[in-house]
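Okay, so here's the structure we're looking at.
The values are calculated or read from the model by the stated rules, or taken from the named source; none is laboratory data. Computed from a predicted model, the values in this text were never measured in an experiment. Don't worry about glycine lacking a Cβ; one is built from the backbone with ideal geometry, like all the others, and counts go over all protein chains shown.
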Amino acid sequence: MRKGQILLIGGVVFFSFGILGQSPAFSEGALDVGKGIYEKRCGVCHGHDGKADNGAQEFLYPKPRDLTAGKFKIRSTPSGSLPTNEDLLKTIANGIAGTSMPSWRSIPEKERRALVEYIKSFDERFKTQPRKPIPIGPPPPRTPEIMAKGKQLYQDAGCNDCHGTTGQGDGPSAGTLKDDWGNLITPYDFTKGGRYKAGSSVRDIYRTFTTGMAGTPMPSYADSLAEDQRWALAYYVQSLSKQPTGPAPKEEATVTSKFIKGDLSAPDPASPIWKRAPAVDILLRPLWFKEGYVDQVRVRSLHNGKEIAFLLEWEDPTKNTDLQKLEAFRDAAALQFPTKADGVPSFPMGETGQVVNIWQWKADWEANGRGPVENLAAARFSTLTTQLSQDVKGKGIWREGKWRVAFSRPMAGGEETAKFAPGKVVPVAFAVWNGAISQQDGEKSVSTWSFLKIETPGR
């Protein structure tokens with residue numbers, strides 16, 4: 001469904017591309033391709049004019065970047081310079097860890113390059129300003145001497161003032177930092193492996209120390225530290241990170257709903273039947289960053305031709321179900337589906353004219369007598385409504401630091417509820433709230449759209 005739309009857009013025009021900072025002449029048709037993708041995928045957060053002022057920003061933190069200001073965090077160019085085409089392409093392809101900016105790698109590269117050209121049209125300086133990457137040679141060997149030097153530089157250069165003595169983002173200045181637009185900004189926690197915004201290799205970290213991160217308090221050290229000092233600091237900062245274990249979670253994954261002959265009307269997260277469903281680990285990104293957000297969820301699905309069921313599992317060291325306490329918040333999870341079969345709406349809560357159906361499980365509703373899952377609909381931020389039909393069932397179990405939550409519903413759907421059928425592919429997205437860090441409403445971890453492949457019986 002989605003690929004078809006993208007191919008249709010991509011077939012409008014043929015064009016060629018330059019490299020690095022060079023900007024070849026683009027046809028108006030090519031820019032129209034980029035504009036179409038921008039309005040469909042980017043405008044909901046960055047605004048249709050690139051100024052990030054269309055209302056969604058109040059629900060997002062860190063705030064989406066104002067693309068007209070010419071201040072880009074991730075660059076290979078010197079401080080004060082605009083990014084190269086390849087820098088912009090890399091950000092679009094990879095997303096930005098710890099933010100709501102997802103990977104758009106599923107968009108074909110030619111269309112992503114057209115998107116880069118359209119983004120550049122927001123700032124006239126892209127037409128005239130040189131954008132040459134800084135030269136970076138091979139990194140020196142990692143030795144005990146270079147590590148000791150980096151550790152000392154971490155203190156001498158004042159990194160601990162923001163990032164803390166142990167790199168956990170808790171330095172004495174951490175609570176006072178603001179970006180160039182006056183928004184509070186959280187210094188990075190170096191101990192969280194795999195979340196460096198511009199890449200986690202020692203070369204990536206060295207480059208960030210050299211370029212700085214425009215629009216933030218993170219400066220360039222190109223003038224204040226020599227090359228060997230920046231390499232030493234990069235090695236030391238990298239050493240503070242706990243390396244991720246196991247395969248990385250997927251973004252825009254395929255989840256297969258396996259056909260079984262059995263009853264799925266009473267979902268049980270502890271049932272051995274779930275072993276028959278393949279598991280997929282899905283990457284989650286925070287709409288509103290708070291340390292401790294859930295960064296991945298494991299998903300399984302089964303169906304019997306009449307009912308469809310899902311199992312979500314995620315790590316959570318604390319069980320938050322008691323809202324009777326002052327300032328208490330619940331753990332929760334949700335699935336989201338488009339209600340129309342002819343398009344894929346914006347993944348955060350849908351968009352005008354493209355309603356999404358949301359099944360939200362709430363941990364404190366397990367004992368309320370009417371069921372822990374609410375059937376909802378939305379067409380953008382602040383439009384969430386309860387549906388008349390409340391036919392989604394669910395059950396959650398917390399044990400040994402992990403939630404396992406099962407959902408089930410009849411496959412047939414109504415006007416503003418998702419419809420399922422064997423052989424179909426249905427977009428699906430996921431959300432998790434961690435009550436321990438006071439997440440509620442729009443403050444949650446979300447996935448982009450994955451795709452649910454509903455197995456045909458007999459295959």
(request) Sort out which residues of region 345-373 are crowded, with 20+ Cβ neighbours inside 10 Å and hydroxyl-bearing (S, T, Y), and write them in order of number. (result) S346
(request) Name the single residue, out of those in region 246-266 being modelled with pLDDT under 95 and touching a Gly at 6+ places or on another chain (Cβ under 8 Å), that is surrounded by the fewest Cβ atoms within 10 Å (Cβ to Cβ). (result) A248
(message) If I ask for residues that are assigned to a loop (DSSP other than H, G, I, E, B) and under 21 Å from the mean Cα position of the chain (by Cα), which ones from region 25-55 would you list?
(response) G47, H48, G50, K51, A52, D53, N54, G55
(request) Go through region 384-419 and count every residue that is closer than 19 Å to G435 by Cα, among the charged types (D, E, K, R) and assigned to a loop (DSSP other than H, G, I, E, B). (result) 1
(message) Six or more apart or on different chains, Cβ atoms under 9 Å: show the pairs whose first residue is in region 66-82 and in the same structural domain as D180 (by TED's automatic domain parsing) and whose second is assigned to a loop (DSSP other than H, G, I, E, B) and surrounded by fewer than 21 Cβ atoms within 10 Å (Cβ to Cβ).
(response) none
(request) Within region 356-369, identify whether any single residue is closer than 16 Å to K40 by Cα and either in contact with a Ser or Thr (Cβ under 7 Å, 6 or more places away or on another chain) or in a loop (DSSP other than H, G, I, E, B) (or both), and answer yes or no. (result) yes
(request) Working carefully through the options A341, A334, A328, find the one that is modelled with pLDDT of 85 or more and of a type in the set (A, V, I, L, M). (result) A334
(message) With the requirement that a residue be closer than 19 Å to E351 by Cα and of a type in the set (A, V, I, L, M), what does region 431-457 give you?
(response) A431, V446
(message) Yes or no: region 326-344 includes at least one residue that is among the polar types (S, T, N, Q) and surrounded by fewer than 17 Cβ atoms within 10 Å (Cβ to Cβ).
(response) no
(request) Kindly indicate which of A114, A93 is part of a helix (DSSP H, G or I) and surrounded by fewer than 17 Cβ atoms within 10 Å (Cβ to Cβ). (result) A93
(request) Look through region 200-214, keep the residues that are assigned to a loop (DSSP other than H, G, I, E, B) and at negative phi, and return whichever of them is surrounded by the fewest Cβ atoms within 10 Å (Cβ to Cβ). (result) S201
(message) Among the residues of region 229-245, what is the count of those that are touching a strand residue (DSSP E or B) at 6+ places or on another chain (Cβ under 9 Å) and surrounded by fewer than 18 Cβ atoms within 10 Å (Cβ to Cβ)?
(response) 1
(message) Under 7 Å between Cβ atoms, which residue pairs at least 6 apart in sequence (or on different chains) link something in region 311-338 that is closer than 20 Å to W359 by Cβ with a partner that is outside any loop (DSSP other than H, G, I, E, B) and at pLDDT below 90?
(response) P338/Q354
(request) With respect to S121, determine if the residue is closer than 21 Å to E28 by Cβ and touching a residue at least 60 places away in the same chain (Cβ under 8 Å). (result) yes
(request) Could you grab me the full set of residues in region 138-163 that are in contact (Cβ under 8 Å) with a residue 12 or more places away in the chain, within 30 Å of G292 (Cβ to Cβ) and assigned to a loop (DSSP other than H, G, I, E, B)? (result) A157
(request) Could you grab me the full set of residues in region 431-450 that are in contact with a strand residue (DSSP E or B) (Cβ under 7 Å, 6 or more places away or on another chain) and over 25 Å from S106 (Cα atoms)? (result) W433, Q439, Q440, G442, E443
(request) Quick one: which strands (runs of 3 or more DSSP E) lie wholly within region 231-338 and hold at least 1 residues that are among the small types (G, A, S)? (result) 254-259, 296-303, 307-315, 332-338
(request) Determine the pairs where a residue that is polar (S, T, N, Q), located within region 418-436, has a partner that is crowded, with 17+ Cβ neighbours inside 10 Å with Cβ atoms under 8 Å apart, the partner being 6 or more residues away or on another chain. (result) N434/Y293; N434/V294; N434/D316; N434/N320; N434/D331; N434/S445
(request) Please work out which residue is surrounded by the fewest Cβ atoms within 10 Å (Cβ to Cβ), limiting yourself to region 420-443 and to residues that are in a strand (DSSP E or B) and touching a Phe, Trp or Tyr at 6+ places or on another chain (Cβ under 7 Å). (result) V425
(message) Checking the structure you have, find out if any residue of region 215-238 is in contact with an Asp or Glu (Cβ under 6 Å, 6 or more places away or on another chain), outside the structural domain of V426 (by TED's automatic domain parsing) and on the phi < 0 side of the Ramachandran plot.
(response) yes
(message) Within region 117-137, take every residue that is in a loop (DSSP other than H, G, I, E, B) and either touching a Phe, Trp or Tyr at 6+ places or on another chain (Cβ under 9 Å) or among the β-branched types (V, I, T) (or both) and give me the one that is surrounded by the fewest Cβ atoms within 10 Å (Cβ to Cβ).
(response) T128
(request) Return yes when V392 is crowded, with 22+ Cβ neighbours inside 10 Å and over 26 Å from the mean Cα position of the chain (by Cα) and no when it is not. (result) yes
(message) So for region 181-199 (the condition being of a type outside the set (S, T, N, Q), in a helix (DSSP H, G or I) and buried (at least 19 other Cβ atoms within 10 Å of the Cβ)), does at least one residue qualify?
(response) no
